[in-house]
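Below is one structure, written out as structure tokens; comments come after it.
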Ligand SMILES: [Zn+2]
């Protein structure tokens, strides 16, 4: 059921791109809604409607002239940005997007890959520099796509690799960060 929904989304995105938006990037995902994962307690969950969809969700953000996907993977939100209550109660500097099994991770926007590295905590991680002092980070990956290395130029929607649980992760998900002038922001609310 979920898989079928995914293909329907891809199909409708493809049709929309041909019919009305010739400037759309090839292959760029166009996930028009995003929901909280079911069956988990999310202490820092963003606001949602009655069916667990993120309230007033806009799939794309415009930040200092740079356009980014707020969630560059087909997934549900398993942790929001901000302080987590209970347990360690640490501040979460990204958005966790649970995919259940290793799934394609897309470049959030046009840019240049500046780092491909295995980092403590983050596991296999990619960093992309966009325009306007904006960067995006993709952590806990299981694998990198061919050609993904520092210096590679990417377009929004290019496949970077697949989600995983490398580093400090207990489930297969993407930890996604949006960094502006060196500071990490909430991918769901930054920009306009
Ligand atoms: Zn995270």
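The values are calculated or read from the model by the stated rules, or taken from the named source; none is laboratory data. Small disclaimer: the values here were computed from a predicted structure and weren't measured. FYI the Cβ positions are ideal-geometry reconstructions off the backbone, even for glycines, and counts take in every protein chain you see.
Of note:
- Tally, over the range 51-74, of residues that are assigned to a loop (DSSP other than H, G, I, E, B) and either within 12 Å of the ligand (Cβ to nearest atom) or farther than 20 Å from residue 126 by Cβ (or both): 9
- Within the range 75-86, being touching a strand residue (DSSP E or B) at 6+ places or on another chain (Cβ under 6 Å), in a loop (DSSP other than H, G, I, E, B) and under 22 Å from residue 127 (Cβ atoms) holds for 75, 81.
- Any chance residue 163 is within 14 Å of the chain's Cα centre (by Cα), within 16 Å of the ligand (Cβ to nearest atom), more than 22 Å from residue 183 (Cα to Cα) and modelled with pLDDT of 95 or more: yes
- Pairing each residue of the range 159-176 that is over 12 Å from residue 102 (Cβ atoms) with any residue that is in a loop (DSSP other than H, G, I, E, B) and within 10 Å of the ligand (Cβ to nearest atom), provided the two are 6+ apart or on different chains, yields C-beta distances under 8 Å for 167/121; 167/122; 168/121; 168/122; 175/94; 175/122; 175/169; 176/94.
- The one condition in (1) within 18 Å of residue 171 (Cβ to Cβ); (2) within 14 Å of the ligand (Cβ to nearest atom) that residue 39 fails to fulfil: (2)
- Scanning the range 86-109 for residues that are exposed (fewer than 15 other Cβ atoms within 10 Å of the Cβ) and in contact (Cβ under 8 Å) with a residue 12 or more places away in the chain yields 86, 100, 101.
- Among the residues making up the range 99-108, those that are more than 16 Å from the ligand (Cβ to nearest atom) and closer than 15 Å to residue 126 by Cα are 104, 106, 107.
- Looking across the range 18-37, the residues that are more than 23 Å from residue 130 (Cα to Cα) and modelled with pLDDT under 95 come down to 18, 19, 20, 33.
- Strands (runs of 3 or more DSSP E) within the range 110-192 that include 1 or more residues touching a helix residue (DSSP H, G or I) at 6+ places or on another chain (Cβ under 8 Å) and surrounded by 18 or more Cβ atoms within 10 Å (Cβ to Cβ): none
- Residue in the range 87-98 that is touching a strand residue (DSSP E or B) at 6+ places or on another chain (Cβ under 9 Å), within 16 Å of the ligand (Cβ to nearest atom) and under 17 Å from residue 60 (Cβ atoms) present: yes
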